[in-house]
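Chemist: Next up is a structure, given as structure tokens.
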Amino acid sequence: MAERQVAYPALFLLLLLGILIAAAGDNKNDIIWRHERVRLRSERLLASISAGNAPSPVPSSNSAPARVYHVSDYGADPTGSKDSTAAILSAISDAFRPLSNRSLIAGVADLGGAEIDLDGGSYLISSPINFPSSPAGNLKLHGGSLRASDSFPKDRYLIELWSSAPSVTASTTYSYEYITLSSLMLDANYCAGGIAVVNSLRTLIASCYIVRFSSDGIWVQNGHETLISSSFLGQHITAGADPGERAFSGNGIRLAGNDNYVTDVVIFSAAIGILVAGGANSIFGVHCYNKAAGFGGTGIYLKLPGNTLTRIENCYLDYTGIVSEDPVQLQVLGSFFLGDANVVLKSVNGVMRGVDIAGNAFTGGGSGVEIVRLDETAGAFTAVEQVVVERNSADGMSVRSTAARAAISGNGTIWTADFSPVLLFPNRIDHVQYTLMVGSGFANHALRNVSGNRVVIETDVATSATAYVAVGQCQGSMT
């Protein structure tokens with residue numbers, strides 16, 4: 001078999017051409033950037049030759065082109081001096097050309113893992129980096145920074161993953177699938193949002209740093225299974241105790257769709273850390289110190305009355321708490337609340353079902369803030385069942401629970417256990433269990449009253465005894 005012919009002259013001509021192209025740039029920094037890329041590629045090639053490794057042969061005319069698109073090859077300015085919007089959009093347009101008839105979910109073309117590489121540059125953009133409207137997926141945009149110019153449209157996002165004007169109506173037809181946005185810094189220049197994901201399936205947003213947004217750091221509308229992980233979001237770049245904290249606005253993350261995951265994320269400035277308006281979302285390992293509750297901020301706001309379906313686990317609410325409207329199927333487990341941060345259950349239509357708030361730790365300043373509070377400003381909770389608030393610890397805050405125990409000792413005929421300072425719901429005791437331990441003799445006894453969250457036990461004769469009482473709320477229907 002004849003040996004494959006290696007086109008050394010052609011390779012060196014290509015390197016020389018790259019240097020000439022670099023020299024043709026009209027910006028000194030641009031020339032330096034391009035020359036550095038060519039130099040590094042040349043060094044790798046020469047090192048390969050010195051080691052006795054022949055370069056790859058010249059591809060035949062029917063070989064498929066590489067699927068990594070470097071935006072600097074399209075004329076994007078990695079120094080941020082010139083507008084790079086058109087160049088980046090051109091690279092994305094080329095990446096969106098399928099090479100086969102393969103598809104992901106029906107109707108969504110498989111792009112085969114194509115990548116748009118930002119080459120570690122910092123790019124100025126004057127309009128959104130929006131993806132083509134043709135449904136496609138299996139693509140990654142990564143490795144650089146985008147900064148909005150002063151003329152960037154005020155109501156848009158730096159990266160827009162939507163194929164048409166977004167609708168609040170859920171759709172079963174997805175526009176994109178398996179799009180990855182990673183290792184990006186996005187600076188919205190206080191005039192726009194960061195990332196918008198609309199009607200997209202299985203989107204990954206990872207290792208991103210999103211700042212200076214005016215609306216949302218990340219907005220997810222409809223779609224399914226967006227995973228947001230290992231990222232930092234803040235309207236202002238700060239590390240706490242910011243003198244302008246009272247004026248923080250916007251949302252770090254706004255979830256208006258179902259079945260999304262937010263994991264290992266830090267939100268360090270925004271009026272609301274995570275605003276949830278879709279069901280069946282999961283929030284794990286999130287640190288919110290976006291805006292103190294005392295300044296009107298909320299760490300996690302669940303704004304979907306009667307359809308919460310949300311899990312919040314292993315999170316850190318740092319001077320900012322959780323608010324849930326008419327919570328139904330809500331879990332808040334194993335989280336840490338600092339600086340009087342707490343959980344507020346807010347009545348809209350008076351419904352609360354299937355709520356589990358357990359195993360959390362609360363630390364406050366000793367001013368009597370309740371770890372779980374009912375907000376019945378708009379009306380009392382009237383349809384309450386299967387609510388468990390217990391096994392939480394508190395230091396410097398007032399404990400509230402749906403279960404409590406007490407021991408009352410005395411000599412007489414009446415033993416009263418007052419659980420009103422502890423029980424969450426007023427005048428609602430579903431279950432009472434008690435034992436009366438008498439010092440000597442025997443006394444007939446009975447449970448007389450449970451109104452006002454007070455348990456009254458009476459004996460027929462005066463006696464020295466201790467009453468051990470356990471009570472529970474809302475284990476069954478409260479309607």
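The values are calculated or read from the model by the stated rules, or taken from the named source; none is laboratory data. These figures come from a predicted structure and were not determined experimentally. We place every Cβ from the backbone using ideal geometry, glycine too, and count neighbours over all the protein chains shown. With ligands, DNA and RNA removed, areas are computed over all heavy atoms of the protein, side chains included. Shrake-Rupley method; radii C 1.70, N 1.55, O 1.52, S 1.80 Å.
Chemist: Touching a residue at least 24 places away in the same chain (Cβ under 8 Å), of a type in the set (S, T, N, Q), at positive phi and in contact with a Gly (Cβ under 9 Å, 6 or more places away or on another chain): does that describe residue 222? I'd like the intermediate steps shown before the answer.
Modeler: Details: touching a residue at least 24 places away in the same chain (Cβ under 8 Å): yes; of a type in the set (S, T, N, Q): yes; at positive phi: yes; in contact with a Gly (Cβ under 9 Å, 6 or more places away or on another chain): yes.
The answer is yes for residue 222.
Chemist: Turning to a different aspect of this structure: Give me a count of the residues in the range 105-135 that are of a type in the set (A, V, I, L, M) and within 20 Å of residue 72 (Cβ to Cβ).
Modeler: 6
Chemist: A further question follows. Take residue 320 and tell me if it is of a type outside the set (Gly, Ala, Ser), open to solvent by less than 10 Å² (accessible area, probe 1.4 Å) and either outside any loop (DSSP other than H, G, I, E, B) or modelled with pLDDT under 95 (or both). First the steps, then the outcome.
Modeler: Details: of a type outside the set (Gly, Ala, Ser): yes; open to solvent by less than 10 Å² (accessible area, probe 1.4 Å): yes; either outside any loop (DSSP other than H, G, I, E, B) or modelled with pLDDT under 95 (or both): no.
Criteria not met by residue 320.
Chemist: Right, another one. Confirm whether residue 337 is more than 30 Å from residue 458 (Cβ to Cβ) and not β-branched (Val, Ile, Thr).
Modeler: Taking the combined requirement at face value, the residue satisfies it.
Chemist: Further, regarding this structure: Those residues that are touching a Ser or Thr at 6+ places or on another chain (Cβ under 6 Å) and assigned to a loop (DSSP other than H, G, I, E, B), I need them from the range 72-116; list them, please.
Modeler: 76, 77, 78, 80
Chemist: Determine whether residue 306 is more than 20 Å from residue 390 (Cβ to Cβ), assigned to a loop (DSSP other than H, G, I, E, B) and touching a strand residue (DSSP E or B) at 6+ places or on another chain (Cβ under 8 Å). Even if it seems obvious, please write down each step before you answer.
Modeler: Values: more than 20 Å from residue 390 (Cβ to Cβ): yes; assigned to a loop (DSSP other than H, G, I, E, B): yes; touching a strand residue (DSSP E or B) at 6+ places or on another chain (Cβ under 8 Å): yes.
Judged against the criteria, residue 306 is a match.
Chemist: With respect to the numbered conditions (1) touching a Gly at 6+ places or on another chain (Cβ under 8 Å); (2) open to solvent by 50 Å² or more (accessible area, probe 1.4 Å), which one is the sole condition not fulfilled by residue 397?
Modeler: So the condition that residue 397 fails would be (2).
Chemist: Moving on to the next point. Of everything in the range 302-317, what is under 18 Å from the mean Cα position of the chain (by Cα) and open to solvent by 30 Å² or more (accessible area, probe 1.4 Å)? Give them in sequence order.
Modeler: 303, 309, 311, 313, 314, 316
Chemist: While we're on this one: Just to be sure I understand the filter: pairs with C-beta atoms under 6 Å, separated by 6 or more residues or on different chains, first member in the range 305-317 and among the aromatic types (Phe, Trp, Tyr), second member open to solvent by less than 70 Å² (accessible area, probe 1.4 Å). Which pairs pass?
Modeler: Final answer for the pair search is 316/287.
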